[in-house]
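Engineer: Structure in structure tokens, see below.
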Amino acid sequence: MKIRLNENQTKIFAAVFDDKMQMHKKCPREIAFWGGYGSGKSFISIIISYYLCSQHKDVQMLMTRFSYRQLKDTCIVQFKEIFPPEEYGYYHSKSDNEFHFDNGSRIIFRSFDDPRKILSSSFDAVIMCQAEELKEEHFLGALGRLRGTALPKKLIFTEGNPRFGWCKKRYHDQDLPDNCMYIRASTYSNKKNLPSDYIKNMEENYPPSYIKQFLEGNWDSVQNAVYDCLMDHHIIPKQRIHKHWYKCIGLDHGTRVDTSIVFLAKDETGNIYIYDEWHKSKPLVYEIVEACNKYGPMPIIADYSMKVSDRDYGSWWKDLQSEGLRLIEAKKEKSGNILLINKLLWQNKLMFFDHLNYVIDQHKNYRYVDTLHANHDEFKVVKKDDHSVDAVQYAVRHIKDIKVKSPADAFKPDINKKTLRDYVEGRA
């Protein structure tokens, strides 16, 4: 495989490896690579992981993200695409979530949704992917687990996108820690390795604050309001929801707080309308079913945590399915969902009917945690009065790729369909 590194990746690679592909004696203890989307952060972390393990015996390498679902869908998939195991001398032990090398080295994939799996082990090196999603205590805990002896120097590598939280303080707001190599990169710095229309598409579709933050990798552009593109013109009078539009429901279930249901429709031009809602605190199963069936059966995009049996109740997911509701697991990638909503608002493709005060107010008041009161915690939003916000995110993530036919195509007669005359005259 031919690997083409950009300038920033080359600097990092040269800091970690000497000309014999061994770990450099002057390798920094901490490397932080932060910046815009597509700037090559994940790629270089995978390169470092592979060569440290393949060139040194008995290395215990930890690669981590916040949740295992994220690890499985991104880190593990990307690693195997770059270094297919059948070609590069390692074995993927799926039962252990580990890569095993012939020389005794291991890459161990663990997530922080169960920190005990990480903080009870010792490692030679740690790769923290999308570290802005993690808590500072996760970072410090991983730092304390660097107790291995297989490498000449211990290494912790963090990468991510500019966000509020401990990472901004550590790498931007104050002097860098001792023996730390920090690189901030823009998307433009990796242009030669990106699809030709990648940057242009982002420039045309992202709001200005997102271009600064996620293309330029600018820490100072971070906003406290989550939906800073939500304007008055996105709130419109009620209008007809046409029969041929695609319709679905977003459902955020609360056991002890509000359950929120939102109704969405998408037209043939790609416009998405939030046209109705329902909410209630501690509703019963039949009440949720009745609310969801208000406009007839339709797909319901719901939080998959409902599958877990409640201590006092059971599985809400199974009970709602048994009542005939068509439930689809929501994609709960918070940062990606927020980005998608802001992108649609910037493009004027997402509209709220003006009678939905509950939904509109929650979206207007949706905020990131203020760093002054966050105890330098991880990037996160304020989890209060956001039930309809989550429901909208679930539904929009589902509906975004749905193609809606025009009325002419949707209602075009089927010339091959048999008519009554065909049956009477014996042609059917």
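Any read-out appearing in this document is the output of simple, stated calculations on the displayed coordinates, not a laboratory observation. Model, not experiment: these values are computed from the prediction. Cβ atoms come from the backbone with ideal geometry, glycine included; neighbour counts cover every protein chain shown.
Engineer: So if I place +1 on the C-beta of Lys and Arg and -1 on the C-beta of Asp and Glu, and nothing else carries charge, what would the dipole magnitude of the range 232-409 be about its Cα centre? I want it in debye, nearest 20. Please list the in-between numbers first.
Structural biologist: Values: 27 positive and 26 negative charges, 88 e Å.
It comes to approximately 420 debye.
Engineer: Enter the angle in degrees (range 0 to 90, nearest 10) between the Cα long axis of helix 41-55 and the first principal axis of the Cα atoms of the chain, meaning the one along which they spread out most.
Structural biologist: 40
Engineer: Continuing with the same structure: All other residues with a Cβ under 13 Å from the Cβ of residue 389 taken together, and with Lys, Arg as +1 and Asp, Glu as -1, what is their net charge?
Structural biologist: Once all neighbours under 13 Å are counted, the net charge is -1.
Engineer: Name the long-range amide H neighbours of residue 112: under 5 Å, sequence gap of 5 or more, or other chain; modelled H, no Pro or chain starts.
Structural biologist: Those lying under 5 Å, H to H, from residue 112 are 65, 66, 67.
Engineer: Considering just Cα atoms, how many Å³ per residue does the convex hull of the chain enclose?
Structural biologist: 204
Engineer: Scan around residue 276 for amide H atoms under 5 Å from its own, H built in the peptide plane at 1.01 Å from N, and keep only partners 5 or more places away or cross-chain.
Structural biologist: Sorted by chain and number, the residues that satisfy this are 263.
Engineer: If the cut-off is a Cα-Cα distance under 29 Å, which lysines reach residue 57, setting aside same-chain residues fewer than 8 apart in sequence?
Structural biologist: 2, 11, 20, 25, 26, 41, 72, 80, 94, 117, 153, 154
Engineer: Working out 0.36 nm times the residue gap between residue 319 and residue 153, then minus their Cα-Cα distance, what length gain in nm do you get to one decimal?
Structural biologist: Length gained, residue 319 through residue 153: 54.3 nm.
Engineer: Treating only the Cβ of Lys, Arg, Asp and Glu as charged (+1, +1, -1, -1), what charge dipole size does the chain show about its Cα centre? Round to the nearest 20 debye.
Structural biologist: With Lys and Arg at +1 and Asp and Glu at -1, about 680 debye.
Engineer: Same structure again: Report Rg(Cα)/(2.2 N^0.38 Å) for the range 7-215, keeping two decimals.
Structural biologist: 1.00
Engineer: Also: Based on the inverse mean of 1/r over its pairs of different Cα atoms, what is the Kirkwood hydrodynamic radius of the range 232-409, in Å?
Structural biologist: 17.0
Engineer: Among the DSSP beta bridges whose two residues both lie in the chain, what percent are antiparallel, rounded to the nearest 5?
Structural biologist: So the antiparallel bridges amount to about 40 percent of the total.
Engineer: What number, rounded to the nearest 500 deg cm²/dmol, is the helix-based mean residue ellipticity at 222 nm of the chain, given -39500 (n - 2.57) per DSSP H run of at least four residues and division by all its residues? The partial results should precede the final answer.
Structural biologist: Values: 14 runs with 115 residues, N = 428.
After summing the helix terms and dividing by residue count, I get -7500 deg cm²/dmol.
Engineer: Here's another thing I want to ask about it. For the range 319-326, take each phi angle, set θ = phi - 60°, evaluate the Karplus expression 6.51 cos²θ - 1.76 cosθ + 1.60, and give the result in whole Hz per residue in order, putting x for glycine and proline.
Structural biologist: Result, rounded to whole Hz: 5, 5, 5, 5, 8, x, 6, 8.
Engineer: Report the gain in length on full extension from residue 122 to residue 29: 0.36 nm times residue separation, minus Cα-Cα distance, nm rounded to one decimal.
Structural biologist: 31.9 nm
Engineer: Of 9, 44, 28, which is farthest on the positive side of the dipole of the range 7-215, counting Cα position, with +1 on Lys and Arg Cβ, -1 on Asp and Glu Cβ, and the Cα centre as origin?
Structural biologist: Farthest towards the positive end: 28.
Engineer: Taking 0.36 nm per intervening residue step and subtracting the Cα-Cα distance, what contour gain separates residue 82 from residue 402 on full extension?
Structural biologist: 112.2 nm
Engineer: List the residues whose amide H sits under 5 Å from the amide H of residue 367, counting only those 5 or more places along or on another chain, with H placed 1.01 Å from N in the peptide plane.
Structural biologist: 226, 382
Engineer: Give the Debye-formula value of log10 I(q)/I(0) at each listed q (0.15, 0.17, 0.18 Å⁻¹), with one equal scatterer per alpha carbon of the range 247-298, two decimals each.
Structural biologist: -0.42, -0.52, -0.57
Engineer: Using θ = phi - 60° and the Karplus curve 6.51 cos²θ - 1.76 cosθ + 1.60, what whole-Hz ³J(HN,Hα) does each residue of the range 178-190 get, with Gly and Pro shown as x?
Structural biologist: Using θ = phi - 60°, the values come out as 4, 6, 10, 9, 10, 10, 9, 10, 9, 4, 4, 5, 10 Hz.
Engineer: Ok, one more. Can you tell which of 309, 335, 49 shows the greatest fluctuation in a Gaussian network model of the chain with Cα springs below 10 Å?
Structural biologist: The residue with the greatest mean-square fluctuation here is 309.
Engineer: ³J(HN,Hα) across the range 348-363 via Karplus (A = 6.51, B = -1.76, C = 1.60, θ = phi - 60°), whole Hz, x for Gly/Pro?
Structural biologist: Computed from phi, the couplings for the range 348-363 are 6, 10, 10, 10, 10, 5, 6, 8, 8, 4, 4, 6, 5, 4, 5, 6 Hz.
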